[in-house]
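One structure is given below, encoded as structure tokens.
The values are calculated or read from the model by the stated rules, or taken from the named source; none is laboratory data. Treat the numbers as computed from the prediction; the structure is a model and nothing was measured. Note that we place each Cβ from the backbone using ideal geometry, even for glycine, and neighbour counts take in every protein chain shown. All accessible areas refer to the heavy atoms of the entire protein, side chains included, with ligands and DNA or RNA removed. Shrake-Rupley method; radii C 1.70, N 1.55, O 1.52, S 1.80 Å.
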Amino acid sequence: VSVLLLFVPSVAAANDLPRPPTNGDSASCRNDFRSVKVKRWINGVENEGIEGLSADFGSTLPTQAKEAHRYSATFTNPLDSCVSSSSKLSGSIALALRGDCAFTTKAEVAQAGGAVGLVVINDDEDLVQMACGNETSFDISIPVIIISKSSGEELKKFMDKGAKVELLLYSPNWPILDYSVIFLWLMAVGTVVSASLWPEITRSERSNEYYNEVPHYQTELYSLADEEEKETFHVTAKSAVIFVITSSSFLLLLYFFMSSWFIWLLIVLFCIGGIEGMHSCIVSLALSKCRGCGQKTVNLPVIGEISIFSLLVLIACTIFTIIWASNHKASYSWVGQDVLGICMMITVLQLAQLPNIKVSTVLLCCAFIYDVFWVFLSPLIFHDSVMIAV
């Protein structure tokens, strides 16, 4: 049952939202709220796409990118698009800020100016449903969508610098069940299961044969000795609270100081953790199958004595990570990112241990409060959902 419950939010998110009934339920207000993909080009160079949500009025968008057309983007003047625009909108996609008048009024103004579409920029990070409300006497024949505040600010930043921004809008049909969510869930559960079974997976066959030969009490002594040799961090109730406070502080740093250099700092930290995690997983797995691999050593000036096999693995992991970091925006980069992330989490879960149910309860309760506050309650203080914005 718990497994099925995990999929429920994902199934709902994958579908388009049916249009709720409105007071102005006319023939012009019968569209479903559909997820929209916005492809963008900055001075002719394609950038990462953004997400949007269509209105329940206006024309519908094509379901495939090849069926859609690419148009230049222009901000309305005034920016709210509540009165006739002094900007030349003919043959372009109009950009307007939310507020001061109804969504339908903005669309009528943009259409009257010759725009082929309207993109409304929300005043926060959520994608609200643009309904007709009580409006019934209008005829809007252009597509109307809404995008998040941060996406709109990014477009405005480029255009303020004189860059030519072009947009292409389409609304793909989503499957009833998003198979990528199942894949992510399997990877997450598989990572935890692998980390739990890792000591057994990496235990050498020779050690198993030796343990079978010695008396039972000696086997227990060897097991205790192995546990003592492992470098583990036992989480306490105090460290669980400190962990959540530290996470909250780091989230605020990202919210207030998010920039390209900060993102690269996170990427570098992730790469360091990924290299260490991948190296640890490969070496422990290889040595469990081939004890002789780590016998030959070399003495390096700074590192000291290290096995040749471990050094070669370290070099290979570093090269793999550098290749991923240099291509981290590519469509296929998720493969390398997941490999690094899984290896890092297996290593971390070997080091951090929850000693009892009391500490587990404290940690999970603090994490629950952390999620609820930064997603749902933070808008009361910061006017934005900090978690969603980051």
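Taking into account only those residues within segment 121-144 that are in contact with a strand residue (DSSP E or B) (Cβ under 8 Å, 6 or more places away or on another chain) and among the hydrophobic types (A, V, I, L, M, F, W, C), which is most open to solvent (accessible area, probe 1.4 Å)?
Leu127
Restricting the search to segment 25-84, which residues are free of Cβ contacts under 8 Å to residues at least 12 places away in the same chain, closer than 26 Å to Lys329 by Cβ and open to solvent by 80 Å² or more (accessible area, probe 1.4 Å)?
Val45, Glu46, Lys66
Which of the residues spanning segment 160-184 are among the aliphatic types (A, V, I, L, M) and open to solvent by 40 Å² or more (accessible area, probe 1.4 Å)?
Ile176, Leu177, Ile182, Leu184
Being of a type outside the set (Gly, Ala, Ser) and buried (at least 22 other Cβ atoms within 10 Å of the Cβ) is the requirement here; does Leu118 meet it?
yes
Filter segment 251-309 down to residues that are of a type in the set (Asp, Glu) and within 27 Å of the chain's Cα centre (by Cα), then give me how many there are.
The qualifying residues number 1.
Among the residues of segment 20-38, are any of a type in the set (Lys, Arg), modelled with pLDDT of 50 or more and in a helix (DSSP H, G or I)?
no
Considering only residues that are within 17 Å of Leu169 (Cα to Cα) and buried (at least 16 other Cβ atoms within 10 Å of the Cβ), which ones fall in segment 90-103?
Once the filter is applied, which keeps residues that are within 17 Å of Leu169 (Cα to Cα) and buried (at least 16 other Cβ atoms within 10 Å of the Cβ), segment 90-103 yields Ser92, Ile93, Ala94, Leu95, Ala96.
Of (1) modelled with pLDDT of 85 or more; (2) surrounded by fewer than 23 Cβ atoms within 10 Å (Cβ to Cβ); (3) of a type in the set (Lys, Arg), Lys106 satisfies all except one. Which?
Condition (2) is where Lys106 drops out.
May I ask you to say which residue of Tyr170, Tyr179 is of a type in the set (Phe, Trp, Tyr), more than 21 Å from the chain's Cα centre (by Cα) and more than 19 Å from Pro78 (Cα to Cα)?
Tyr170
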